[in-house]
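As structure tokens, the structure follows; a few thoughts come after it.
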Amino acid sequence: MTFLFTPNNHFNLANLVTFLNIACGVLAIYFLTHDEFVGAALFAWCAGAFDILDGKIARKYQLSTEFGVQLDSFADFLSFVIVPVMFIFFGVIDGKEIHFLNTAFVAFAFIYYVISGLRRLIQFNIDADAGEVAKHFTGVPTPLGAILLWLVWLGFIYELIPSENMVLGLMILVGYLLNSKIKIPHP
């Protein structure tokens, strides 16, 4: 079992927890495509828990490596960029008459958010040193962006956000915040 605590083993304990994040993201997508939003939310939140846990394990057992940094960002892209966008798509847009919504606006909002999340994660990886933790994030981290989009989805479901276009506008705003200069304290 020493392989679990060997930093350069791609299947060390921290990376295995990151793989659980990925598995939860995939399961959340499965549930979203079957209109099972409670199950999707459960797996999305579990992905978030595993994202917190993998970093804590990597730091505690000195398992941080360049591979782990890259793996974590790929997991974050799936669980905290793709899954929340799919929440908005399946929970707000899917099944609506497309002429009711401006097709170009819908496409722009989704593509903008995905590219913003991907750009943020790439820049984070470029700036990151394996094993080092900054005191703050510059821009909204993708897990927080996912939570914000989940709140937008809930706001729409509970009719606090009155229109699909407002949901898309908020999605663009959160996408912008991912790469803003706002400082967010690191937990």
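The values are calculated or read from the model by the stated rules, or taken from the named source; none is laboratory data. Just so we're clear, the structure is a prediction, and the values are computed from it rather than from any experiment. Positions of Cβ are generated from backbone atoms using ideal geometry, with glycine treated the same way; all protein chains shown enter the neighbour counts.
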Within region 25-38, track down each residue that is touching a residue at least 12 places away in the same chain (Cβ under 8 Å) and not acidic (D, E). G25, V26, L27, A28, I29, F31, L32, T33, F37
Among what's in region 21-64 and is in contact with a Phe, Trp or Tyr (Cβ under 6 Å, 6 or more places away or on another chain) and surrounded by fewer than 18 Cβ atoms within 10 Å (Cβ to Cβ), pick the residue that is nearest to D94 (Cα to Cα). G39
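Somewhere in region 126-141, is a residue touching a Leu at 6+ places or on another chain (Cβ under 6 Å), surrounded by 16 or more Cβ atoms within 10 Å (Cβ to Cβ) and either outside any helix (DSSP H, G or I) or in contact (Cβ under 8 Å) with a residue 60 or more places away in the chain (or both)? Spell out the reasoning first.
Filtering region 126-141 for residues touching a Leu at 6+ places or on another chain (Cβ under 6 Å) gives 139-140.
Restricting the remaining residues to those that are surrounded by 16 or more Cβ atoms within 10 Å (Cβ to Cβ) gives 139-140.
Still in the running and either outside any helix (DSSP H, G or I) or in contact (Cβ under 8 Å) with a residue 60 or more places away in the chain (or both): 139-140.
Looking through region 126-141, at least one residue is touching a Leu at 6+ places or on another chain (Cβ under 6 Å), surrounded by 16 or more Cβ atoms within 10 Å (Cβ to Cβ) and either outside any helix (DSSP H, G or I) or in contact (Cβ under 8 Å) with a residue 60 or more places away in the chain (or both).
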Could you please give the count of residues in region 148-166 that are closer than 22 Å to G25 by Cβ and either without any contact (Cβ under 8 Å) to a residue 40 or more places away in the chain or of a type in the set (S, T, N, Q) (or both)? 3
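Would you check if L160 is at pLDDT below 95 and not in a helix (DSSP H, G or I)?
Values: at pLDDT below 95: no; not in a helix (DSSP H, G or I): yes.
No.
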The lone condition F90 fails out of (1) part of a helix (DSSP H, G or I); (2) touching a Pro at 6+ places or on another chain (Cβ under 9 Å); (3) aromatic (F, W, Y) is (2)
Residues in region 24-67 that are farther than 21 Å from W150 by Cβ and of a type outside the set (G, A, S): how many? 10
Does at least one position in region 99-113 carry a residue that is outside any helix (DSSP H, G or I), aliphatic (A, V, I, L, M) and closer than 25 Å to T2 by Cα? no
